[in-house]
1. Quick one: which residue in Gly94, Gly63 is crowded, with 16+ Cβ neighbours inside 10 Å and not in a loop (DSSP other than H, G, I, E, B)?
2. Report every pair of residues separated by at least 6 positions or lying on different chains whose Cβ atoms are under 6 Å apart, first residue within segment 112-124 and closer than 17 Å to Gly86 by Cβ, second of a type in the set (A, V, I, L, M, F, W, C) and surrounded by fewer than 20 Cβ atoms within 10 Å (Cβ to Cβ).
3. Restricting attention to segment 66-91, which residues are in a loop (DSSP other than H, G, I, E, B), closer than 14 Å to Pro14 by Cα and free of Cβ contacts under 8 Å to residues at least 12 places away in the same chain?
4. Criterion first (part of a helix (DSSP H, G or I) and either open to solvent by 80 Å² or more (accessible area, probe 1.4 Å) or touching a His at 6+ places or on another chain (Cβ under 6 Å) (or both)) does Leu161 satisfy it?
5. Does Gly75 fit the bill of being more than 21 Å from the chain's Cα centre (by Cα), under 30 Å from Phe33 (Cα atoms) and open to solvent by less than 70 Å² (accessible area, probe 1.4 Å)?
6. Just name the residue that is farthest from Ala155 (Cα to Cα) out of those in segment 93-125 that are in contact with a Gly (Cβ under 9 Å, 6 or more places away or on another chain) and among the aromatic types (Phe, Trp, Tyr).
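The values are calculated or read from the model by the stated rules, or taken from the named source; none is laboratory data. Quick caveat, the model's predicted, so the values are computed rather than measured. When we count neighbours, we look across all protein chains shown, and the Cβ atoms used for this are built from the backbone with ideal geometry, even at glycine. Each accessible area value is taken on the protein alone, full model and side chains, heavy atoms only, with ligands, DNA and RNA left out. Shrake-Rupley method; radii C 1.70, N 1.55, O 1.52, S 1.80 Å.
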Amino acid sequence: MNRGNHPSVETRRPDRAALIIAVVLAIIAGLIFWDVSRLTGLAGYSQIGPTTVPYVIACCLIGLAIWTAIEGWRGDFAEREHQEFGPVFWIVGGLAAQMLLLNTLGFSIATGILFAMTARGFGKRMLWLTVPVGIAFSFVVWLIFAKLLQLSLPAGPLEHLFF
């Protein structure tokens, strides 16, 4: 493709979404750098310590931010499909419901609701079926983690009914 001043050459505009993503990546990297800078002196006798991996992750995020900014400025990203916000709201709503209900209703019921709302976000409209299935699957997960592995997961009325 000729990139000269030929009139038939199509010029691409910078991709604003990509530039915003680059800024967010850079902010996250900056937060990691700031947080890790408070941990200096923990390496002890070795150069590798608890700050090594976070520094590597932050450097990778900076690299991704720069790469994303360059690609976004050049407009080299492929056209994206139109975003449907309904499914996103169902999934985010399910996550919010789980966080709000976890301590009161317990792991099984809260995670079962998350399961059903995520299934609804992916197109499964039968909440009357996905809620009990999600609760059943979540109860099995709670049994494995809380009883078999002895890990602490919030127990609610369902868990107290059986244990």
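1. None of the others qualify; the one that does is Gly94.
2. Short answer, once both residue conditions are applied: Ala116/Leu127; Ala116/Val131; Met117/Trp90; Thr118/Ile91; Arg120/Trp90; Gly121/Trp90; Gly121/Ile91.
3. Correct list: Ala78, Glu79.
4. The answer is yes for Leu161.
5. yes
6. Phe115
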